[in-house]
Each structure stands twice: as C-alpha cells, then as structure tokens.
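Read through the structure below, which is laid out as structure tokens, and then see the notes.
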Amino acid sequence: MYHLLRGLHDYLTRKDEYSVVIIGLDNAGKTTMLEKIKTMYNPTPGMAPDKIGPTVGQNIGKISLPSTTLHFYDLGGQRDIRSIWEKYYDECHAVVFVLDATDQARLSETWEVFDEVLNSPRLLNLPLLLLANKQDSPTSLSVAEIREAFDAWQRSRSHRNGDDENQISSKDKGKGKSINQGEEADERMASLDVMGASALEGTGIREAVNWLYIRVQNARKM
Ligand SMILES: Nc1nc2c(ncn2[C@@H]2O[C@H](COP(=O)(O)OP(=O)(O)OP(=O)(O)O)[C@@H](O)[C@H]2O)c(=O)[nH]1
Ligand SMILES: [Mg+2]
C-alpha cells in the first residue's frame, strides 16, 4: 500500500524538466537577467547586480513552475568563448538571445552573431526568444526599433553581397543547402518573438519566463 501511495504521489508531483540556454554578446545583461529570474522565482535571491562580473564559462540556475522545472544555462558572451555555446545546443529545449538595446555601436556585431544562431541547424525547430534588454535606460531602442534594425541589417547585407546571391537563389531555389537554410532563417525571423526587458528592474522578466514555459511545453507536444 505504501509503495502504491508513494508511486501515486510521485506521479502527481512529477515535473517535466526543460533546459534553456541564455546567449548573446558580452555585457548584454545575461547574468543579471538569470540572477533576477532566481530572485523573482526562488526563495533564495540571486546575486546582486553589483556583484556580477563577466561570465567565463557558464552560470546555472533553476526555477520551479507548475508541473515544470526550467534549468537555465547562462553562457559567457565574450568573443573568444562563444564557441562553447554550440556544445549546449543538442541538449537544450529553448534559446534566449539577450541583446543590449542601448548599445547601438555593437548592433551589427550583435546581428552577425544572432544571424549565426538563427541559421544554426540544431536550433531550427527550437523556441527562440530575442530579448531586448536594458529597457530601463532612456537611450534603449524599443522592440519595434530592434526589429527594424535587424531587417535593415539583413537588407544591407544582401545588398553588400550583391544581387548575385539573390539571382542564384531564384535560379537554384531549393537546390543548395545554404539557400534552404537562408529561407528557413527568413521564415524563422518573420515568426520570431522579440520582447523587451530590464534585467536590472525586473520588467518583462515574467513575460519572458511565461513565454518559455508555454513554448517548451508546446514544442514537446509537436
Ligand atoms: N541599465 C541596465 N543595465 C543592465 C541591465 N542588465 C544588465 N545591465 C548591466 O550590464 C552590464 C553587464 O551585465 P552582465 O549581466 O554581466 O552581462 P553578461 O551578458 O552576462 O556579460 P558576459 O558574462 O560577459 O557575457 C552590467 O554592468 C550590468 O549591471 C539592465 O536591464 N539595465
Ligand atoms: Mg555573464
């Protein structure tokens, strides 16, 4: 009888576990964000912003939601250590790409890195959220401006690459792997969710976590 009740209890309290990677350039605010998530969802608060330094490697955390546990992997964003990101791609269920919406000087570097993430074959079917952080700052770009900036960067890139690529892509449509991947990335961008947040003040954090909570469960059902 004990085992039966124990089994029933375990079944009823069982939680699905999902892993979320948080990536983006150095200084975007990823660690500040994860520590804020811990403070908002866990009984023990996360690290205070003034105690946080650049991440070398990973910073982890988990939160408990109804019937679900989310495990977060916040990865260092400095150029030399970005190569570790892809080691996490096979094991994760969702990706949050954090950008510093106040740092216009690094936007094109941001888009180059983000574009690679969008095109990464192992992430093509995973929920991907673009989070425009530092919305508390008066100089930050809004979500609409971030979308526009990425569209403009994409247009200028295809212009820079010349119309050759476009001509090839219309002639050889569907033949080359990179062309297919480019189309998939375009579709992905069209349906991409972009949200604003302030890791420092905590605005937009619940919305982002709710988004993850719903999307990882829906992705599992598909
Ligand atoms: N104004 C403002 N500043 C922020 C916000 N989030 C983070 N910062 C600041 O941005 C700087 C970098 O924050 P981190 O969280 O260390 O950035 P990171 O993305 O983890 O950087 P790496 O670990 O090097 O990849 C710190 O000075 C933070 O206080 C925010 O929402 N608003
Ligand atoms: Mg960090």
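The values are calculated or read from the model by the stated rules, or taken from the named source; none is laboratory data. Just so it is clear, the model here is predicted, and its values are computed rather than measured. With ideal geometry, Cβ positions are generated from the backbone for all residues, glycine too; neighbour counts draw on all protein chains shown.
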Q: Identify all residues within region 1-24 that are surrounded by fewer than 10 Cβ atoms within 10 Å (Cβ to Cβ) and either modelled with pLDDT of 95 or more or polar (S, T, N, Q) (or both); write none if there are none.
A: THR13
Q. Hey, among ASN27, ASN42, ASN59, which residue is within 7 Å of ligand 1 (Cβ to nearest atom), among the polar types (S, T, N, Q) and either surrounded by 21 or more Cβ atoms within 10 Å (Cβ to Cβ) or touching a residue at least 12 places away in the same chain (Cβ under 8 Å) (or both)?
A. ASN27
Q) Is it true that some residue in region 1-22 is over 17 Å from the mean Cα position of the chain (by Cα), part of a strand (DSSP E or B) and closer than 23 Å to ASN210 by Cβ? A) yes
Q. Residue check, ARG106 against (1) crowded, with 19+ Cβ neighbours inside 10 Å; (2) out of contact with any helix residue (DSSP H, G or I) (no Cβ under 7 Å at 6 or more places or on another chain), all met but one. Which one?
A. (1)
(Q) Could you tell me how many of the residues in region 74-91 are surrounded by 21 or more Cβ atoms within 10 Å (Cβ to Cβ) and away from ligand 1 (no atom under 11 Å from the Cβ)? (A) 0
